[in-house]
Every structure is written in C-alpha cells, then in structure tokens.
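Q: Take a look at the following structure, please.
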Amino acid sequence: MSERTAYPDGAPCWVDLMTPDLESAQRFYGAVMGWQFQDQGADFGHYTMCLTRGKPVAALMPPMPGAEGMPPMWNVYLAARDVAATLQKVEAAGGKTAMGPQEVPGAGTMGFAFDPVGASFGLWKGAEHAGSALYGEPGAMCWHQLNTTDGRAADAFYRSVFGYEQEQIGDGATFDYTVWTPADTPADVPEGEGRVVGRWVAPADVLRERPPFWLTVFAVPDCDAATQTVANAGGKVLRKPEDSPYGRLSTVLDPTGAEFSLLSRQHG
C-alpha cells in the first residue's frame with residue numbers, strides 16, 4: 001500500500017489535533033477513522049499517536065500551557081529539510097514565525113508559522129519520525145487544501161518558500177483553485193500524481209468568519225458510512241457526501257468543532 005519513509009520539501013507530512021479532552025477525542029476518532037492510540041507519556045505531554053495497521057498516521061494532544069483557550073483544530077506540517085532556513089524564507093516572504101526551530105528528542109525538528117494571509121502551518125524535519133507512515137489509503141491523510149481569501153498572495157508566498165510548481169485548474173474567478181507540486185518531486189512520478197496541495201479562494205460560508213486555514217482530508221473506505229458515524233458520535237456534518245472527480249467527499253466537525261474532510265476513492 002502507500003507506505004512512506006520520507007516526504008519532499010513542501011509536502012504535507014504530518015497532522016496533529018490539539019483537543020481539550022483526549023479520551024473523548026479517542027472515542028470519536030476511533031469510531032470514525034478506526035484508529036488505535038498510543039500515548040507517548042507524561043514526558044511528551046501525553047502526545048498520543050493515532051495508528052492505522054499499527055503505523056502512525058496522525059496525533060492528538062492536549063492544549064499546551066497558555067493555549068487552553070485556543071479553538072481545537074487540525075494542524076498540518078509541511079516537510080522541510082532545514083527548518084531554520086525555511087523559517088527565514090517565511091519571514092522574507094512576508095510570513096511570521098510563531099515557534100522554532102525546536103528539536104523533539106528522538107523524533108525530529110519542528111517549527112510553526114503564519115502565512116501573510118493568516119493561515120497557520122507547521123514545519124517538520126523528520127529524524128526517527130519522518131511523518132505519517134501511510135498516505136492515501138483508508139485511515140490516513142490523502143490530501144490537504146489551503147482555504148484562503150487571497151489566492152495570488154498565498155500562491156506567491158508558498159512558491160517563494162517551497163518552490164512549488166502551481167497550476168490553476170479553475171477559471172481563476174468564480175472558481176479559483178490551484179494545485180501545487182513540490183519542486184523536488186522525483187522525476188519518475190507520473191504527471192499529476194506529485195500534486196500534494198490544493199489552494200482554494202474559499203467563500204464566506206466555508207471560512208465561517210475564521211482566518212484562512214489548512215484543511216486535512218482523510219481517506220475512508222465509505223464516505224457515507226463514516227459521515228453518518230460522525231453524526232452518531234456527536235460531530236456535525238457541514239457538507240454532506242457528494243461525488244467529486246476524485247471520489248465521494250464530505251466535510252465535518254468533531255464534537256469540539258475541529259474541521260476535517262472525508263474521502264472515499266473511486267476505483268475501477
């Protein structure tokens with residue numbers, strides 16, 4: 001299947017959720033995603049790995065000291081072979097450093113930043129932990145989308161920082177959506193398959209009076225069934241399952257309000 005031991009610079013490689021109630025989050029995501037969980041212990045702030053087939057694909061964590069009032073959200077981490085140098089590029093391109101570089105003993109180096117339009121994102125240089133060990137299969141992340149208010153500014157910023165190749169697949173007006181491919185994607189990857197991010201100029205009903213944000217899409221075997229499980233487990237369905245060129249897709253909230261999407265791939 002889609003096992004990963006490395007990610008090219010700029011590719012989303014990891015996600016974690018800061019949530020006020022780890023036990024409730026495990027019950028919810030265990031039901032929806034089929035995950036098992038592995039608490040890393042008090043020394044690591046009870047950072048809890050989410051496992052599919054015994055492999056880490058995401059994590060849950062309690063709020064860090066001083067961040068107890070922050071709204072729960074899924075954080076995306078973009079791969080960076082040099083976190084310090086990447087944060088310098090962030091600043092030079094008009095973004096802001098929020099944290100880092102910071103070593104996580106035995107795992108890697110992280111940073112956190114904001115783009116000029118207001119979306120937050122992490123940076124990760126993997127050591128023993130390269131990121132999600134699975135990608136694109138049920139139980140793991142399969143796509144990421146930057147929902148923003150200024151497409152040109154977002155494209156220019158992330159291209160400057162990561163060197164993405166960017167392609168407009170909409171009309172640039174009523175549907176302004178670009179797809180991004182990391183600059184160091186291996187040459188033998190088929191055309192189109194190296195795309196890792198979509199950037200969408202999102203309407204007001206999607207942003208819901210929030211700043212721009214990164215949306216994680218998780219693969220599931222059956223989008224309709226998983227979406228119903230979200231509702232049954234105390235979550236909320238924002239966008240009901242519908243067919244797309246890439247499979248059946250829905251957007252939901254967990255019981256604390258953290259937003260994510262579910263996708264079941266089309267086959268055949």
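Q: Under a cut-off of 29 Å between alpha-carbon atoms, report the lysines in cross-link reach of Lys96, not counting same-chain residues fewer than 8 places apart.
A: In chain and number order, the partners are Lys125.
Q: Roughly how many whole Å is it from the C-alpha centroid of the stretch 155-187 to that of the stretch 66-113?
A: For the stretch 155-187 versus the stretch 66-113, the Cα centre distance is 21 Å.
Q: With +1 assigned to the C-beta of every Lys and Arg and -1 to the C-beta of every Asp and Glu, and no other charges, what is the dipole magnitude of the chain about the Cα centre in debye, to the nearest 20?
A: The calculation lands at about 200 debye.
Q: Next question. When the Cα atoms of the stretch 91-136 are enclosed in a convex hull and the volume is divided per residue, what value in Å³ results?
A: 82 Å³
Q: GNM on the chain, C-alpha springs below 10 Å: top fluctuator among Gln26, Gln145, Gln102?
A: Gln102
Q: Now, a different point. Can you find, among Met33, Leu253, Ala113, the residue sitting farthest towards the positive end of the charge dipole of the stretch 12-265, where Lys and Arg contribute +1 and Asp and Glu -1 at Cβ?
A: Leu253
Q: Now, a different point. Once you mark the GluC sites (Glu not before Pro) that are in a DSSP loop and have at most 15 other Cβ atoms within 10 Å, what is the longest gap between them in the chain?
A: No qualifying site falls inside 1-67, the longest such stretch.
Q: For the stretch 131-268, what is the Kirkwood estimate of the hydrodynamic radius, computed as the reciprocal of the mean inverse distance between distinct Cα atoms, to one decimal in Å?
A: Averaging 1/r across every pair of different Cα atoms and inverting gives 16.0 Å.
Q: For the stretch 91-207, take N as its residue count and report Rg(C-alpha) divided by 2.2 N^0.38 Å.
A: 1.15
Q: Which chymotrypsin sites (Phe, Trp or Tyr not before Pro) in the stretch 207-268 pass both tests, a DSSP loop state and at most 15 other beta-carbon atoms within 10 Å?
A: The qualifying sites are Tyr246.
Q: If you don't mind, there's one more thing I want to ask. Please report, largest first and rounded to whole Å, the three semi-axes of the ellipsoid equivalent to the stretch 10-74, where each semi-axis is the square root of five times an eigenvalue of the C-alpha gyration tensor. If you can, show how the numbers build up before the last one.
A: On the way: eigenvalues 68, 39, 31 Å².
Ellipsoid semi-axes (Å, largest first): 18, 14, 12.
Q: Can you list the aspartates and glutamates whose alpha carbon is less than 17 Å from that of Lys55, not counting same-chain residues fewer than 8 positions off?
A: Glu3, Asp16, Asp39, Glu128, Glu137
Q: Applying 1/(1 + (r/R0)^6) with R0 = 25 Å to the Cβ-Cβ distance of Ala225 and Thr149, what FRET efficiency is obtained, to the nearest 0.05?
A: Details: r = 34 Å, r/R0 = 1.35.
Between Ala225 and Thr149 the formula returns 0.15.
Q: Next question. So what is the relative contact order for the stretch 12-265, in percent, with contacts set as C-alpha pairs under 8 Å and at least six apart?
A: Here the relative contact order equals 17 percent.
Q: Can you tell me how much longer the chain between Phe44 and Asp21 gets when fully stretched, taken as 0.36 nm per residue apart minus their C-alpha distance, in nm with one decimal?
A: This chain segment gains 6.6 nm when fully extended.
Q: On to the next question. Rounded to the nearest angstrom and ordered from largest down, what semi-axes does the equivalent ellipsoid of the stretch 1-142 get from its C-alpha gyration tensor (root of 5λ)?
A: 24, 18, 14
Q: Now for a different question. Counting other beta carbons within 10 Å of each Cβ, put His129, His144 in order, fewest first. Display every interim value, and only then the final one.
A: Values: His129 17, His144 22.
Ranked by crowding around the Cβ, least crowded first: His129, His144.
Q: Could you tell me the convex hull volume per residue, in Å³, taken over the Cα atoms of the stretch 47-119?
A: Cα convex hull per residue, to the nearest whole number: 120 Å³.
None of the figures in this text is laboratory data; all of them are computed from the coordinates on show. This is a predicted model, so every value here is computed, not measured. Because the Cβ atoms are built from the backbone with ideal geometry, glycine has one as well, and the counts that use them run over all protein chains shown.
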